[in-house]
Amino acid sequence: MAVATPSTPKGRATRERIVSAAAELVAERGVAAVSLDDVGARAPASRSQLYHYFDDKDALVRAVVDATSDAVLGAQDDLLEQLDSWSGIERWFGALVAFQRESQARGGCPIGSLAGQLAERDPQARAAIAIGLGRWEAHLREGLTRMRDRGKLDPGSDPTALATATMASVQGGLLLTQVRRDPEQLRIALDAAWTVLRGARRSRA
């Protein structure tokens with residue numbers, strides 16, 4: 001864990017700069033190929049500054065996990081607030097596919113990428129990744145719950161299960177898109193999720 005919580009704007013800015021530099025390097029090279037010296041050079045920050053805010057590399061990487069989750073959700077903020085209607089879900093799906101086309105199907109899911117690197121070697125990082133994905137999934141679960149309450153979904157439908165199934169389609173689609181360099185993989189996965197979601201609607205909705 002971090003060994004110090006910055007109490008001044010300057011301290012917070014320094015810590016944020018270190019985490020941002022580490023996140024950039026991890027995205028470029030992967031966790032295993034990034035050292036504290038690399039982070040210090042990119043930030044820039046001295047070794048004493050690094051150890052002032054973080055016990056070790058693992059603590060810094062866990063801060064990267066949190067920052068990455070914040071960035072992924074922040075980039076979708078407006079869309080995630082609209083997941084309580086069919087049109088809102090459709091716009092979200094469309095935006096996810098459009099981003100993959102714009103990025104030429106590179107990068108995959110930043111949170112998912114960290115899971116592949118960290119989940120089996122760092123239990124605390126795995127827990128932080130699970131929290132990040134859970135925050136993402138919660139937007140859809142809460143939106144679907146509101147839809148059910150308004151009669152747009154069958155009363156017996158399970159928003160939690162539907163949200164989890166949809167997140168599985170998002171993550172699987174992003175992985176296939178990345179390895180095949182083909183945004184259509186995500187579109188296909190989201191089409192399948194859409195079919196499942198629409199299957200839970202009330203006939204009059």
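Observations
- Selection of region 152-167 for residues being farther than 18 Å from LEU190 by Cβ and either of a type in the set (Lys, Arg) or surrounded by fewer than 17 Cβ atoms within 10 Å (Cβ to Cβ) (or both) yields LYS152, ASP154, PRO155, GLY156, ASP158, THR160.
- Flag if GLY112 is touching a residue at least 60 places away in the same chain (Cβ under 8 Å), in contact with a Ser or Thr (Cβ under 7 Å, 6 or more places away or on another chain) and surrounded by 14 or more Cβ atoms within 10 Å (Cβ to Cβ): no
- Flag for ASP122 being farther than 25 Å from VAL65 by Cα and not β-branched (Val, Ile, Thr): no
- Candidate set: region 12-43, residues that are exposed (fewer than 13 other Cβ atoms within 10 Å of the Cβ) and of a type outside the set (Lys, Arg); chosen: the one nearest to the chain's Cα centre (by Cα): GLU28
- In region 156-201, the residue that is nearest to ARG141 (Cα to Cα) out of those that are part of a helix (DSSP H, G or I) and acidic (Asp, Glu) is ASP191.
Any read-out appearing in this document is the output of simple, stated calculations on the displayed coordinates, not a laboratory observation. Values in this document were obtained by computation on a predicted structure and should not be read as measured data. No Cβ is skipped: glycine too gets one built from the backbone with ideal geometry, and neighbour counts run over all protein chains shown.
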